[in-house]
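Working notes, structure below.
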Amino acid sequence: MPAAPAEPRPLVMGILNVTPDSFSDGGRWFDRGRAIEHGLAMVAEGADVVDVGGESTRPGAEPVEVDEELRRVVPVIEALAGQVRLSVDTTKEEVAEAAVDAGATLLNDVSASLWPVAARRGVGWVALHRKGTPATMQVDPQYDDVVGEVTEFLVGRAEAATRAGVPEVWIDPGIGFGKTVGHNLELLAAVPALVGTGYPVLVGTSRKRFLGVLTAPAGSEPDPVDERLPASLATAASAMAQGAGMVRVHDVAPTVQAATLVGPLASAAAQRTSEDGP
Ligand code: HH2
């Protein structure tokens, strides 16, 4: 008997930072050959998208010149093209254009400004909310209503992109981009509000600092980056269970396993609710 078709699951975007200074894996994949190997390993683990970045966005990161960013990301995208869907994590138009030429079909844009490129090239676009720049964003971020402000900003950008003809628009609340621990938690609890806008939602919590803050004893240093997998999985699973269509992660295999459970769990919950019905 043929196997039943697998239930569709939320997508998993694997992170490939071709950088010397990313917050969790800086330098590990900076060598081109190792970056390509790591990209292929994530494909083997079930990544639906591999997100190639050549400039760290961590708080305080040094900006990277266009030529250097091109040198980092383009050969890696060329080498992986055809094996998996590729996105480019950039805020620079020239890099976005060259990445599309090399085979990327999604622009992952933490500046939420590159939709004209996505429209012109007919590729997908991710709009992320951030407050400030990497240099300033974690200096006392303030909101009156973080969920309302983030949602309004993202919908505004997504509507502009859709009007411009971008064929696929994702929205991302930008966990850790100008947000306190409390703001991050509020946004993670508000995924249904983002999903309710009608745009597919991408969430990235993987190994971020706020997880280390929340898991460490009060008043002590955050738990280290390489001890944040359980918290990364818990937050990714929570986002997916609330309707996020894609999560951006460093640890692909365990996240794919978690993603695979979301559909059957939702079906089982729906079944119970209907059995309990009036
Ligand atoms: N987070 C980071 C970078 N890009 N893109 C999206 N769409 N959503 C995110 O949450 C997001 C992102 C920061 O993480 P990382 O790439 O691991 O680190 P760095 O920016 O230091 O390279």
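The values are calculated or read from the model by the stated rules, or taken from the named source; none is laboratory data. Everything numeric here is computed off the predicted structure, so don't read it as measured data. Neighbour counts run over all protein chains shown; Cβ positions are idealised from the backbone, glycine included.
Here are the numbers:
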quantity: Selection status of Leu211, over 15 Å from the mean Cα position of the chain (by Cα) and closer than 28 Å to Val52 by Cα; calculated: yes
quantity: Pairs, first farther than 24 Å from Arg58 by Cα in the range 187-205, second of a type outside the set (Val, Ile, Thr) and within 15 Å of the ligand (Cβ to nearest atom), C-beta under 6 Å, six or more apart; calculated: Tyr199/Ala158; Pro200/Trp170; Pro200/Gly245
quantity: Positions within the range 109-137 being within 11 Å of the ligand (Cβ to nearest atom), modelled with pLDDT of 95 or more and touching a Lys or Arg at 6+ places or on another chain (Cβ under 8 Å), in sequence order; calculated: Val110, Ser111, Ala112, Ala127
quantity: Whichever residue in the range 52-67 is surrounded by fewer than 18 Cβ atoms within 10 Å (Cβ to Cβ) and not charged (D, E, K, R) and, among such residues, is nearest to the ligand (Cβ to nearest atom); calculated: Ala61
quantity: Some residue of the range 141-163 being over 30 Å from Ala119 (Cβ atoms) and modelled with pLDDT of 95 or more; calculated: yes
quantity: Residue among Ala253, Ala231, Ala236 that is in a helix (DSSP H, G or I) and touching a residue at least 60 places away in the same chain (Cβ under 8 Å); calculated: Ala253
quantity: Selection count, the range 18-39, where residues are hydrophobic (A, V, I, L, M, F, W, C) and within 12 Å of the ligand (Cβ to nearest atom); calculated: 4
quantity: Some residue of the range 148-155 being of a type outside the set (Asp, Glu) and crowded, with 23+ Cβ neighbours inside 10 Å; calculated: yes
quantity: Matching entry among Ala47, Ala41 (being more than 24 Å from Pro134 (Cβ to Cβ), surrounded by 17 or more Cβ atoms within 10 Å (Cβ to Cβ) and out of contact with any Pro (no Cβ under 7 Å at 6 or more places or on another chain)); calculated: Ala47
quantity: Matching residues in the range 138-155 - criterion: being of a type in the set (Phe, Trp, Tyr) and within 15 Å of the ligand (Cβ to nearest atom); calculated: Phe153
quantity: Candidates Met13, Met42, filtered to the one that is under 21 Å from Asp172 (Cβ atoms), within 16 Å of the ligand (Cβ to nearest atom) and assigned to a helix (DSSP H, G or I); calculated: Met42
quantity: Filtered residue count, the range 194-204, keeping only those that are out of contact with any strand residue (DSSP E or B) (no Cβ under 8 Å at 6 or more places or on another chain) and crowded, with 17+ Cβ neighbours inside 10 Å; calculated: 0
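So that you can scan it fast, the table gives a plain yes or no per residue for (1) more than 21 Å from Gly60 (Cα to Cα); (2) out of contact with any Gly (no Cβ under 7 Å at 6 or more places or on another chain); (3) among the basic types (Lys, Arg):
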residue	(1), (2), (3)
Pro75	yes, yes, no
Ala79	yes, yes, no
Glu97	yes, yes, no
Ala112	no, yes, no
Gly122	yes, yes, no
Arg130	no, no, yes
Ala135	no, no, no
Val146	yes, yes, no
Ala158	yes, yes, no
